[in-house]
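Q: Can you keep this structure in mind? I'll have questions shortly.
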Amino acid sequence: MKRLFVISGSSGVGKGTVIKEFLKRNPGFKLSVSCTTRSMRPGEKNGESYHFLTREEFKKGIEDGDFLEWAEFSGNYYGTRKSNIQKELNEGENIILEIETNGAMQVKKQIPDAVLIFIAPPSFEELKKRLEGRQTEDADVIKTRLAQAERENNDAKNYDYIIINDKIENTVENLEKIVSQYAI
Ligand code: 5GP
């Protein structure tokens, strides 16, 4: 049976890199493309990184019941379209959702056999350093994101697994070990 894996972790923790490396090494897994109202970062492509929607489009999606889950994060909406998940499960692929913790809780409620994995930073200081080094966001945004990170680290207790991301290579291997117990 194909499974749904939910991966969360505060911004700057390196989950994007971990997931990218995992997908390279493990065909048969598909990363779901989320919808968001935030603006596009340099290098991002509409329909690949995210489906970039206006707030109006997103709100209409909520009203129409299009989303499996959605949440407001740092002043923007983020959500997973039901139709995306259905399509990929029908195509016989294991799905990875890379979403924040409120959304993850909504998924667990609706799909109890979804596997929830939280990627945590080695320390809060390390996370701050990584976020500041990324230089894609200004100081205010970083402050909000650090506050979010604290909240999200608290939510980690509701997850099935927590992986500490000290070295990317180790984290990917740990992720593979977890996933291999479920996915075929
Ligand atoms: P970013 O703006 O850095 O791409 O993402 C900000 C946060 O939104 C990250 O924690 C990311 O995992 C989360 N996120 C991305 N897509 C979704 C989604 O579809 N639903 C929810 N709930 N969170 C999402």
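The values are calculated or read from the model by the stated rules, or taken from the named source; none is laboratory data. All of these numbers come straight from a predicted model, not from anything done at the bench. Every residue, glycine as well, gets a Cβ built from its backbone with ideal geometry; the counts of neighbours run over all protein chains shown. Accessible surface areas use protein heavy atoms only, side chains included; no ligands, DNA or RNA. Shrake-Rupley method; radii C 1.70, N 1.55, O 1.52, S 1.80 Å.
Q: Mean residue ellipticity at 222 nm from the helices of the chain, using -39,500 (n - 2.57) per DSSP H segment of n ≥ 4 over the full residue count, to the nearest 500 deg cm²/dmol?
A: The helix-only estimate for the chain comes to -13500 deg cm²/dmol at 222 nm.
Q: Using only Cα atoms, locate the centre of region 33-59 and the centre of region 135-177, then give the distance between them in Å, rounded to an integer.
A: When both Cα centres are located, 22 Å separates them.
Q: Continuing with this model, one more query. Quick one: length gained pulling ASN170 to GLU150 fully straight, 0.36 nm per residue minus the C-alpha distance?
A: 4.8 nm
Q: Right, next: In Å², and per residue, what accessible area does the chain have when probed at 1.4 Å with the other protein chains present?
A: 53 Å²
Q: Over the Cα atoms of the chain, Rg to Rh with Kirkwood Rh, two decimal places?
A: That ratio equals 0.94.
Q: Treating the beta-carbon of each Lys and Arg as +1 and of each Asp and Glu as -1, no other charges, what is the dipole magnitude of the chain about its Cα centre, to the nearest 20 debye?
A: Approximately 180 debye in magnitude.
Q: Output the antiparallel fraction of DSSP beta bridges having both residues in the chain, as a percent to the nearest 5.
A: 30 percent
Q: If you roll a 1.4 angstrom probe over the protein chains with everything in place, what fraction of the accessible area of the chain belongs to carbon and sulfur, to the nearest %?
A: Summing carbon and sulfur atoms, their accessible area is 50 percent of the total for the chain.
Q: I've got another one for you. Ranked highest first by average number of other Cβ atoms within 10 Å, how do 109-120, 41-52 line up?
A: 109-120, 41-52
Q: Right, another one. Taking 0.36 nm per intervening residue step and subtracting the Cα-Cα distance, what contour gain separates ARG41 from GLU132 on full extension?
A: That pair, ARG41 and GLU132, stretches by 31.2 nm at full extension.
Q: On to the next question. Note down the relative contact order for the chain as a percent, whole number, built from C-alpha pairs under 8 angstrom at least six residues apart.
A: Value for the chain: 35 percent.
Q: With the dipole of the chain worked out from charges on the C-beta (+1 for Lys and Arg, -1 for Asp and Glu) around the Cα centre, which of ALA149, SER32, PHE67 lies farthest toward the positive end?
A: Checking the options against the dipole of the chain, the answer is SER32.
Q: Name the residues whose placed amide hydrogens come within less than 5 Å of the amide hydrogen of ILE163, ignoring near sequence neighbours (fewer than 5 apart) on the same chain.
A: PHE118, ILE119, ALA120
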